[in-house]
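Let me begin by presenting the structure, written as C-alpha cells, before commenting on it.
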Amino acid sequence: MNSGSELESETMDTTEQQAQAQTDKTQEIIDYLTANPEFFNQNTDFLASLEIPHSSGTAVSLIERQVSILREQNQQHKEQLTELFDIAKENEQSNQQMHKLTLSLLSSEGIDACEVIINESLCDEFSVDAVALKLFTAPISDLPEHLFVEKNSVLALELDKILNTRKPMCGFFKQLPLDILFESKSASLASLAVIPLFIEKNNCFGALILGSNNVRHFNADMGTVFLERLGEILSHRLNRFIKQADKA
C-alpha cells in the first residue's frame, strides 16, 4: 500500500507531466503557425469564428483583439516619439544657449569678466542656483580674493579629492565647505556639479562648482558631456588670462 507521501509525490509528478505536455503542445502550435503564415488566409471562416477572452471578461474576435493590440502599440509608439521630440527640443535649446555662452566668453576681457558671464548665463539660462569659480594659482593683483583658493586649506584639500579623476562629478558633497563656496546661498543647495579646469590633466588649475536647490538637478547618474564642454571652453579662456598675468 502506498503511503500518503508517496501518493502526494505521484500526484505532483502527474501534474508536472501534464503541465509540460501542455507547454509542448502550445509550442507545437506556435511553431506550426510560424512555419505556415498563410494558415489564417486559407481558413478565413475559422479565423472569423475565433473568440479571445479579454481582460474585461468580454469575448472578442481574434481580429478585433489584434486591432486592439495594434492600437495600444501605436499609442505607445506615439508617446515614445513625443518624448524623443521633447528631448531633441531640449538638446537644441541647450546647444543654442551653449553657443551663446561660448561667444560671450570669447569676447571677455579678463578672469573677472569670465566670472560675471558664467554667473549670469548659468543662472539665467541653465537653471543653476549658485556658481563658484575657484583658481588654485597664486593670487593675481587687481582680481577679487574670493577667486583664489589658499593652498592646503580645507576647501583646497576637499576639491582635490573630488577632482582627481579630471572628470565632472555630480551629487551632493557634504565634505565641501559650502558656506565658503556660496555664502548665503549654501543653506538651500541640494545638489552640486564640480567641474575641473585644466589644459593638461596633470595641471588642474581650478574648478567651477555649480549648485542647485533641486536634489535631482545634478545627480550621480546624469550625463556630463555638457559639463565637460563647459569646462573645456572655460579652461582655455582662463588659461590665456593666467598666462598673460604671469608675463606681466
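What the table shows:
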read-out	value
Dipole magnitude (debye, nearest 20) for the chain, charges at Cβ of Lys, Arg, Asp, Glu	1540 debye
Under Karplus coefficients 6.51, -1.76 and 1.60, residue-wise ³J(HN,Hα) of the range 116-123 in Hz, glycine/proline x	5, 5, 5, 4, 5, 5, 5, 6
Contour excess over end-to-end distance, with Cα ends at T23 and N152 and 0.36 nm allotted per residue	39.4 nm
Residue-span extension gain [F85 to E16] - 0.36 nm each, minus C-alpha spacing	19.9 nm
Exposure proxy order (Cβ contacts within 10 Å, fewest to most) of S104, S184	S184, S104
Sequence of K134, K167, K25 once ranked by neighbouring C-beta atoms within 10 Å, starting from the fewest	K25, K167, K134
Cut-off under 5 Å, modelled amide H: who pairs with F172 long-range	L192
Options (1) 1, 5, 9, 12, 12, 9, 6, 4, 3, 4, 4, 6, 7, 6, 5, 4, 2, 1, 0, 0, 0, 0; (2) 1, 5, 11, 15, 17, 17, 15, 11, 6, 2, 0, 0; (3) 1, 7, 14, 19, 20, 17, 13, 6, 2, 0, 0 - which one matches P(r) over Cα pairs in 5 Å bins from 0, in percent as calculated here	(1)
Helix axis angle, 154-163 relative to the chain longest principal axis, alpha carbon, degrees	40 degrees
Rounded to whole Hz, the Karplus (6.51, -1.76, 1.60) HN-Hα couplings of the range 78-90, x for glycine and proline	4, 5, 5, 5, 4, 5, 5, 5, 5, 5, 4, 5, 5
Inter-label distance for N164 and S186, nm, one decimal - labels placed 7 Å from Cα along Cα-to-Cβ	2.4 nm
Exposure proxy ranking, count of Cβ atoms within 10 Å, fewest first, for L230, L143	L143, L230
Surrounding net charge for F198, when Lys and Arg each add one and Asp and Glu each subtract one, Cβ distance under 15 Å	+4
0 to 90° range, to nearest 10: angle between helix 4-35 axis and the chain longest Cα axis	80 degrees
Amide proton proximity set for F148, modelled H, under 5 Å, gap of 5+	L135
Of M169, V215, F198, farthest towards positive along the dipole that unit charges on Lys, Arg, Asp, Glu beta carbons give the chain	F198
Lys, Arg +1 and Asp, Glu -1 on Cβ, resulting dipole of the range 127-248 about Cα centre, debye, nearest 20	340 debye
Sorted peptide list for 151-164, 115-128, 205-218, criterion being average Cβ within 10 angstrom, highest first	205-218, 115-128, 151-164
Whole-number percent relative contact order across the range 157-248, with pairs defined as alpha carbons under 8 Å at least 6 apart	28 percent
Relative contact order computed over the chain (Cα-Cα under 8 Å; 6+ residues apart), in percent	14 percent
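A short reminder: the numbers here are calculations on the coordinates, not readings from a lab. Since the structure is predicted, the reported quantities are computational estimates derived from the model, not experimental observations. Glycine also receives a Cβ, built like all others from the backbone with ideal geometry; neighbour counts cover every protein chain displayed.
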